[in-house]
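In what follows, a structure is listed as structure tokens, so that the remarks can point back to it.
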Amino acid sequence: MAALRGRRSRPALTGPAPDHDELRQLLSAACSAPDHGRLRPWRLIVVDSAARGPLGDAFAAAHAERDPAASPEELDRTRAKAMRAPMIVVVVGAPRPHPKVPLREQQASAACVAYGLVLAADARGFGAMWRTGWFGDAPKVRAHLGLAEDEEVTGWIYLGTPAGSPPAPRTPLDLPVSYLG
Ligand SMILES: Cc1cc2nc3c(=O)[nH]c(=O)nc-3n(C[C@H](O)[C@H](O)[C@H](O)COP(=O)(O)O)c2cc1C
């Protein structure tokens with residue numbers, strides 16, 4: 001309960017990122033997500049510190065392709081999205097046609113992996129933030145990641161050590177719950 005209730009996304013992240021062993025533990029915890037039929041309809045791509053530059057270049061190239069009139073400053077802002085944390089883990093959903101497990105269930109399983117990674121990182125004292133963006137669908141970025149045609153970016157999980165002030169406490173929500181009579 002404490003892990004679920006206390007987790008907060010951390011947009012400001014600095015080093016250190018999880019080391020190799022810590023990362024293996026986080027990824028292994030995340031991959032224990034519910035998975036109908038044990039299809040494992042997901043995989044993970046680790047973007048470490050050195051891999052962020054080329055990924056940012058792919059973001060910028062995709063931006064230039066999408067908007068040939070984009071200014072160098074705009075392209076730089078897009079390029080910098082890869083540098084917002086010392087590490088990014090790309091959760092890739094790989095849903096495939098299956099006679100009993102529809103695509104939406106497989107996509108839901110991939111989303112559980114992404115959430116699990118964010119939760120596990122938070123529980124181990126790291127900061128994490130699940131981000132998405134149009135560039136996850138851009139052909140140049142997909143090619144850079146080596147995605148197959150039936151794969152999709154479920155989330156860019158930014159990982160590192162929390163920086164900046166802790167987020168304000170979460171406002172309690174009215175629970176969107178009804179009881180079936
Ligand atoms: C599928 C998905 C995509 C998201 N994409 C973004 C994003 O691109 N940028 C962003 O600022 N927050 C994004 N968020 C929201 C943050 O991850 C985060 O949940 C939000 O800032 C609220 O913070 P909290 O998790 O501490 O409540 C996304 C969340 C989900 C579930």
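The values are calculated or read from the model by the stated rules, or taken from the named source; none is laboratory data. In this text, all values refer to a predicted model and were calculated from it rather than measured experimentally. Counting neighbours? That spans all protein chains shown, and the Cβs are built from the backbone with ideal geometry, glycine included. Ligands, DNA and RNA are stripped out before the accessible areas are found, and what is left, the full protein with its side chains, is counted by its heavy atoms. Shrake-Rupley method; radii C 1.70, N 1.55, O 1.52, S 1.80 Å.
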Considering only the stretch 149-179, how many residues are under 24 Å from residue 108 (Cβ atoms) and either of a type in the set (Ser, Thr, Tyr) or surrounded by 11 or more Cβ atoms within 10 Å (Cβ to Cβ) (or both)?
12
Quick test for you: out of 146, 133, 125, pick the one residue that is touching a strand residue (DSSP E or B) at 6+ places or on another chain (Cβ under 9 Å) and farther than 19 Å from residue 44 by Cβ.
125
Among the residues of the stretch 121-143, what is the count of those that are touching a residue at least 12 places away in the same chain (Cβ under 8 Å) and either near the ligand (Cβ under 10 Å from one of its atoms) or surrounded by 17 or more Cβ atoms within 10 Å (Cβ to Cβ) (or both)?
16
Name the pairs whose Cβ atoms lie under 6 Å apart, with the first residue in the stretch 90-108 and without any contact (Cβ under 8 Å) to a residue 40 or more places away in the chain, the second crowded, with 18+ Cβ neighbours inside 10 Å, and 6 or more positions between them or separate chains?
103/95
Which listed residue is within 19 Å of residue 163 (Cα to Cα), more than 16 Å from the ligand (Cβ to nearest atom), of a type outside the set (Asp, Glu) and open to solvent by 80 Å² or more (accessible area, probe 1.4 Å), from 68, 72, 16, 99
16
